[in-house]
């Protein structure tokens, strides 16, 4: 395998053998290590010293089930700290099959032009992007597929990334060429924009593929693992059936669905935006209730959502998006929320950050709570590059500051996602302490706090939350390195054999002799690396805190976030 | 003396005796200690937990020359750290004569209304501010003087403070009721706005005055000290004659006048904005070339600037303002710069932050470099509360982020003032390390680097800059506690007897037995307190750095900022 280095200052692409140090790393483990090794932690995130590092996971490109996840690493313009953002779609598998361990994009072009990277079996070519500059993501994909065929993978940025706004995402096309999977959080699109890269085309025609040391052993482990996934009630039933939106009713019932900019824990109209309702609507309008975001996915939590006329409206319609624009903004019109999802995908902004931001703009009185048309207009302003669009496109913290609002749900300046930390306290520990800024995926305590997967930790009690979050953060960092979708975690937590099967696949592929303990050690090492970067970027324990308004009681449980600071500071004691 | 506490949540004013702990503190020493003792370092700066602490210096209200400086302390919405901002005008002397050691404004009103504080011999009353809400500073002063007479002192916020923008200042009227002195830096106006306080009226009619233990000794020391000040070439000649703008030619000659958003060290048209030229213009237009910002000032560096028609345009027209809109924005029209100064005073924004911000907006292409009309329009938008105005009014860092610009001269998110840290390296050490964010007054190395006051340290060499900045930061923290104007420092540094005279005044007034060493210890203690607050607010050494573009060579000396990080980190080793 090779590491490719794209130097945008010189307009040059080079490749290098994988150094020994990086041989056992992939995905998040690799991107976080390269960022830590090569990026000055105090550099300007949009300047020439930042780097955008793209790496498929260790198992990507193989037949391992649901192994098509890609990691994108950089210093975040949103948080100022290290960022790994993880995405499905068509990129990871194709890059891995092309023998690419990582792409490092560095420097900054001397001109104001946008460029494209064409990645194929012949290496990486730097091309001009005149045909797509200024375009939105759907249009980009249409244009590129016309020129390069329908089998390409595409990573791209929309206008938000071109404007280098902190909420800008990197879109990754799904198998049908729809830009619905996003390396969303932390402003990766802005970093890509600052490098002058508008799109990355990945053509894996005649790719060598991934070499597997022991094919038989790999096949057996993969088959077993797929069976475990499909037999688990969450990854085998709930997610394929209803998508992630199955959580709307579950989290609402738990009193943890943040409503009206985190004022309440339940949304009166949750049933109008629930997974069950969406499922029925999709069927009725002849959309697709289940769909895989990448080839080889056995969980298939995605779906294709049609409008009232039966025309395509959006896909990859996630729980967090539905919550962000729904309960959080008091919008109960699911078609409007679907339109907002489409706009985020098209313009290239993180749906979570945008929903939280629109909530803050509503708090500020820019528009009213519940005003779906106003929310649509705010997103459209981002694309238009208006002054208001530049405020909104820089996220919730920025918008709060612009309008002098104090009720701003962020940690490390990143918007807090769809689970209230007062009534589901384990996730609050994760929000506060993960080096990523408020991020539910970094240590998804909902498993034990709500879903009773793996273990049970009462979501309303203080006890056990730090330990829970620590264990999950360690496990997640490791999973994010394998290229496996994080949704395999439900099975990993419940079924003791599952982790061994992941280790078996890795050993079979790479001729390694890992044990399950090594996986834990990998997770710990990644977290230490990321935290070290953040310390050198200017963070200390005082940055590991939730906003003060989480001292307000949250109905229906009257819960507050009361994990003592000293306990939060124990999270990294491992 | 008393400490008054204004609780805006309850709408209640109480007074308390000065606790032993605070007895020996005044000015910055007192505000920084109270903020550190009472403000949660991780609170939202615009929320109810922040406090605005107002304290005259230890010698304020006496006949000590140039002793009318006021300290305002708070957690800064601009930097996120502790802030002491120091201002002349009519407040400090009157508050001290009323026996007020400090006013602590805390909490937050439950309604959206604005209030006023009326401070008099009868204590502090909380009044509604209906007559001035929404008004700009000049109008506020006119209205209040009509109602309360011409002998009041006034502290007020303009629209920027009402909007809670991070560059909002607190205006303090001069003796003629012009809002031309500002507690400018760090967003004190936003904090005052967040407390719902539009103005503070200080009526010292029949005030008890300041009690002096040994009047004879005090008088003698004060007379001597005044003589030293008036005989020093800077405080006795340069400043009274030309005002602070005398520095335009001096710093330009040194190659340290940041030009075109810190691209060059000399401005081609420096002579069109120099102190000498301004002096001549003022005389020609029958303004006042010299004027004291507070009663009892012997330095009188202020002036009254008339327009071409001979009508009042602005006053307190400082070097840093002239630089900020002049060389930094490439505007060579001094009348336009005076108009920009007037607008900042009227709207209530920090002139330094605004000049740096307009430079960044020019960098972004919002308007062109040199476009004076465009700059005026940008400031007017702040008053109008437009989206663009909210961007600009939140300062340089915010504006850079809005427009995706990386050449943003800030430290701890506060705009870098009028001395390039590459060609005057001592000031670069101060910018990087002071707990205040980029602030020239915190350790004004220009003395030794350029003016040859006190000692000489070659501005272009690395050696000695950290020691210089450390010594000056310690001395400054102490001077900022006395109520003496920082411009006494020229004499303090050059004339060994001067500091003893300050100590003599303090001892005579308070019946203390201080030595000059105690003054140094006071300065050290203040810096430690402030740094401790910042550490608990989330700062570490990595925040003590200049932006990366100061690695670019600066003409005419080809200088870069090259003080090693390890040396910067030694600054607080005392």
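Can you tell me which residue among A:365, A:355 is within 24 Å of residue A:85 (Cβ to Cβ) and either in contact (Cβ under 8 Å) with a residue 24 or more places away in the chain or not in a helix (DSSP H, G or I) (or both)?
A:355
Please find, within the range B:71-83, the residue that is surrounded by the most Cβ atoms within 10 Å (Cβ to Cβ) out of those that are within 14 Å of residue B:104 (Cβ to Cβ) and more than 14 Å from chain A (Cβ to nearest Cβ).
B:73
What are the residues in the range A:378-388 that are in a helix (DSSP H, G or I), surrounded by fewer than 24 Cβ atoms within 10 Å (Cβ to Cβ) and either within 13 Å of chain B (Cβ to nearest Cβ) or in contact (Cβ under 8 Å) with a residue 40 or more places away in the chain (or both), if any?
Within the range A:378-388, A:381, A:383, A:384, A:387, A:388 meet the criteria.
Taking interchain pairs and intrachain pairs at least six residues apart, which have beta carbon atoms under 6 angstrom, with the first residue in the range B:142-156 and at negative phi and the second part of a loop (DSSP other than H, G, I, E, B)?
Qualifying pairs under 6 Å: B:143/B:131; B:143/B:132; B:145/B:177; B:152/B:203; B:153/B:90; B:154/B:173.
Collect the residues in the range A:186-204 that are away from every other protein chain (no Cβ under 14 Å) and touching a helix residue (DSSP H, G or I) at 6+ places or on another chain (Cβ under 7 Å), keeping them in residue-number order.
Scanning the range A:186-204 gives A:199, A:201, A:202, A:203, A:204.
If a residue must be in contact with a strand residue (DSSP E or B) (Cβ under 6 Å, 6 or more places away or on another chain), surrounded by fewer than 24 Cβ atoms within 10 Å (Cβ to Cβ) and in a loop (DSSP other than H, G, I, E, B), how many such residues does the range B:297-348 contain?
So the count comes out to 2.
Can you tell me which residue within the range A:554-563, out of those that are touching a residue at least 24 places away in the same chain (Cβ under 8 Å) and away from chain B (no Cβ under 14 Å), is surrounded by the fewest Cβ atoms within 10 Å (Cβ to Cβ)?
A:556
Condition test on residue A:20, is it at pLDDT 95 or above, more than 14 Å from chain B (Cβ to nearest Cβ) and out of contact with any strand residue (DSSP E or B) (no Cβ under 6 Å at 6 or more places or on another chain)?
Yes; evaluated as a whole, the condition is true for this residue.
In the range B:528-551, which residues are in contact (Cβ under 8 Å) with a residue 60 or more places away in the chain, more than 9 Å from chain A (Cβ to nearest Cβ) and closer than 30 Å to residue B:268 by Cβ?
Listed by number, the residues that qualify are B:546, B:550.
If we keep just the residues of the range B:2-23 that are touching a helix residue (DSSP H, G or I) at 6+ places or on another chain (Cβ under 9 Å) and surrounded by fewer than 17 Cβ atoms within 10 Å (Cβ to Cβ), which is nearest to residue A:400 (Cα to Cα)?
The selected residue is B:21.
Out of curiosity, is residue B:446 buried (at least 24 other Cβ atoms within 10 Å of the Cβ) and touching a helix residue (DSSP H, G or I) at 6+ places or on another chain (Cβ under 7 Å)?
no
How about the range B:433-518: which helices (runs of 4 or more DSSP H) wholly inside it have at least 3 residues that are over 26 Å from residue B:302 (Cβ atoms)?
The qualifying helices (runs of 4 or more DSSP H) are B:465-482, B:496-510.
Answer yes or no as to whether residue B:127 is in the same structural domain as residue B:31 (by TED's automatic domain parsing) and either under 15 Å from residue B:155 (Cα atoms) or part of a strand (DSSP E or B) (or both).
yes
What number of residues in the range A:449-466 are under 24 Å from residue A:236 (Cβ atoms) and crowded, with 24+ Cβ neighbours inside 10 Å?
Qualifying residue count for the region: 1.
Here are B:113, B:101, B:121: which of them is in contact with a strand residue (DSSP E or B) (Cβ under 8 Å, 6 or more places away or on another chain), outside the structural domain of residue B:298 (by TED's automatic domain parsing) and under 30 Å from residue B:25 (Cβ atoms)?
Exactly one residue qualifies, and that residue is B:101.
Would you tally the residues in the range A:389-407 being within 8 Å of chain B (Cβ to nearest Cβ), assigned to a loop (DSSP other than H, G, I, E, B) and surrounded by 24 or more Cβ atoms within 10 Å (Cβ to Cβ)?
The qualifying residues number 1.
Please list, ordered by first then second residue, the pairs with beta carbon atoms under 7 Å, 6 or more apart or interchain, first in the range A:28-49 and more than 24 Å from residue B:364 (Cβ to Cβ), second at pLDDT below 95.
Within 7 Å, no pair qualifies.
Going by what's in this entry, would residue A:289 be described as over 20 Å from residue A:369 (Cα atoms) and not assigned by TED's automatic domain parsing to the domain that holds residue A:346?
no
So in the range B:103-113, with the set limited to residues that are outside any strand (DSSP E or B) and out of contact with any helix residue (DSSP H, G or I) (no Cβ under 7 Å at 6 or more places or on another chain), which one is surrounded by the fewest Cβ atoms within 10 Å (Cβ to Cβ)?
Of everything passing the filter in the range B:103-113, B:112 is surrounded by the fewest Cβ atoms within 10 Å (Cβ to Cβ).
Working only within the range A:528-544, note down all residues that are surrounded by fewer than 22 Cβ atoms within 10 Å (Cβ to Cβ) and either at pLDDT below 95 or not in a helix (DSSP H, G or I) (or both).
Selection gives A:538, A:540.
Which is surrounded by 24 or more Cβ atoms within 10 Å (Cβ to Cβ), more than 14 Å from chain B (Cβ to nearest Cβ) and within 24 Å of residue A:385 (Cα to Cα), of A:140, A:100?
A:140
Considering B:65, B:45, which residue is surrounded by 21 or more Cβ atoms within 10 Å (Cβ to Cβ), closer than 23 Å to residue B:172 by Cβ and within 14 Å of chain A (Cβ to nearest Cβ)?
Being surrounded by 21 or more Cβ atoms within 10 Å (Cβ to Cβ), closer than 23 Å to residue B:172 by Cβ and within 14 Å of chain A (Cβ to nearest Cβ) holds for just one of B:65, B:45, which is B:45.
Here are some conditions: (1) surrounded by fewer than 24 Cβ atoms within 10 Å (Cβ to Cβ); (2) in a helix (DSSP H, G or I). Residue B:430 meets all but one. Which one does it not meet?
Every listed condition holds for residue B:430 apart from (1).
The values are calculated or read from the model by the stated rules, or taken from the named source; none is laboratory data. Just so you know, these numbers come straight off a predicted model, no measurement behind them. Because the Cβ atoms are built from the backbone with ideal geometry, glycine has one as well, and the counts that use them run over all protein chains shown.
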